[in-house]
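**Student:** Below is one structure. I have some questions about it.
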Amino acid sequence: MSTLLPDDWPPIGGAGFQRMRIAVDRIDRSTLFLVVGAMAAMAILVVGQVIFRYVFNSAIDWAEEVARLAFVWAMFLAIPHGIRRGVHVGIDALVVRFSQGLQDRLFRLSALIGAALMAVIFAYAWQVTVYTWPELMPTLNLTAAVYYIAILIAAVHSVLHLLLLAWGGRSTWEEKSAQ
């Protein structure tokens, strides 16, 4: 079968690829702490709210809103980590029947398409963020756009991951790629 591109294209051992891989890895480490922190805050607030309601017969008026916000941030900031590890749902019943070279090309193409879609999500999330900026949350003196800021961050982070996967293929995060 003749192909338009050689099996080793694009080269993944170059300095540019390694610099991008290191940069994305550093972003991953930073956002991982944010995800864990948001999940911890959410759990603490929900448990605290339950204790206050049933033990003290009172409520923390802002706890539910902050817990919801922490949940949204944790979920959106975790999306790029799922992209990195390839844990999102996919159906590959047809693709696994293709040659390894074709599978890799399709993987790279789908990563590019995914990056384009995430760029579209960023554009729409930007519009919604600007539109909702003047609105305040009901219990906090904070813009309601803070929900959409998580989407903006996730979209940019996801685009970086998807472009890196398009460049490096399925072996992007394997240890042999790091050397």
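The values are calculated or read from the model by the stated rules, or taken from the named source; none is laboratory data. What you see is a predicted model; the values in this text were computed from it and never measured. Cβ: placed from backbone, ideal geometry, glycine included. Neighbour counts: every protein chain shown. Calculation scope for accessible area: heavy atoms of the full protein, side chains included, ligands and nucleic acids excluded. Shrake-Rupley method; radii C 1.70, N 1.55, O 1.52, S 1.80 Å.
**Student:** Of all residues being farther than 30 Å from D61 by Cα and without any contact (Cβ under 8 Å) to a residue 40 or more places away in the chain in region 128-179, which is least open to solvent (accessible area, probe 1.4 Å)? Just the residue, please.
**Tutor:** As a first pass, look at region 128-179 and keep what is farther than 30 Å from D61 by Cα: 155-179.
Checking which are without any contact (Cβ under 8 Å) to a residue 40 or more places away in the chain leaves us with 155-156, 174-176, 179.
Numbers: A155: 0, V156: 73, E174: 84, E175: 132, K176: 142, Q179: 173 Å².
Ranking the candidates gives A155 first.
**Student:** Taking into account only those residues within region 89-104 that are in a helix (DSSP H, G or I) and surrounded by 11 or more Cβ atoms within 10 Å (Cβ to Cβ), which is nearest to the chain's Cα centre (by Cα)?
**Tutor:** At the first step, the residues of region 89-104 found to be in a helix (DSSP H, G or I) are 95-97, 100-104.
Within this subset, residues satisfying the condition of being surrounded by 11 or more Cβ atoms within 10 Å (Cβ to Cβ) are 95, 101-104.
Details: V95: 24, G101: 27, L102: 26, Q103: 24, D104: 22 Å.
Step by step, filter region 89-104, then rank; the result is D104.
**Student:** Pick from V24, V50, V55: which is of a type in the set (V, I, T), open to solvent by less than 90 Å² (accessible area, probe 1.4 Å) and without any contact (Cβ under 8 Å) to a residue 40 or more places away in the chain?
**Tutor:** Values: V24 fails: without any contact (Cβ under 8 Å) to a residue 40 or more places away in the chain; V55 fails: open to solvent by less than 90 Å² (accessible area, probe 1.4 Å).
That would be V50, the only listed residue that is of a type in the set (V, I, T), open to solvent by less than 90 Å² (accessible area, probe 1.4 Å) and without any contact (Cβ under 8 Å) to a residue 40 or more places away in the chain.
This table checks each residue for (1) among the hydrophobic types (A, V, I, L, M, F, W, C); (2) in a helix (DSSP H, G or I); (3) exposed (fewer than 11 other Cβ atoms within 10 Å of the Cβ).
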{"site": "E64", "(1), (2), (3)": "no, yes, no"}
{"site": "L69", "(1), (2), (3)": "yes, yes, no"}
{"site": "A74", "(1), (2), (3)": "yes, yes, no"}
{"site": "A78", "(1), (2), (3)": "yes, yes, no"}
{"site": "H81", "(1), (2), (3)": "no, yes, no"}
{"site": "R84", "(1), (2), (3)": "no, yes, no"}
{"site": "V87", "(1), (2), (3)": "yes, no, yes"}
{"site": "L106", "(1), (2), (3)": "yes, yes, no"}
{"site": "L109", "(1), (2), (3)": "yes, yes, no"}
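**Student:** So, one more: So Y124 passes all but one of these: (1) open to solvent by 90 Å² or more (accessible area, probe 1.4 Å); (2) in contact (Cβ under 8 Å) with a residue 60 or more places away in the chain; (3) over 25 Å from A23 (Cα atoms). Which condition number does it fail?
**Tutor:** Y124 satisfies every listed condition except (2).
**Student:** Can you name the condition, by its number, that R68 falls short on among (1) more than 14 Å from the chain's Cα centre (by Cα); (2) under 25 Å from G169 (Cβ atoms)?
**Tutor:** Here R68 meets the rest and fails (2).
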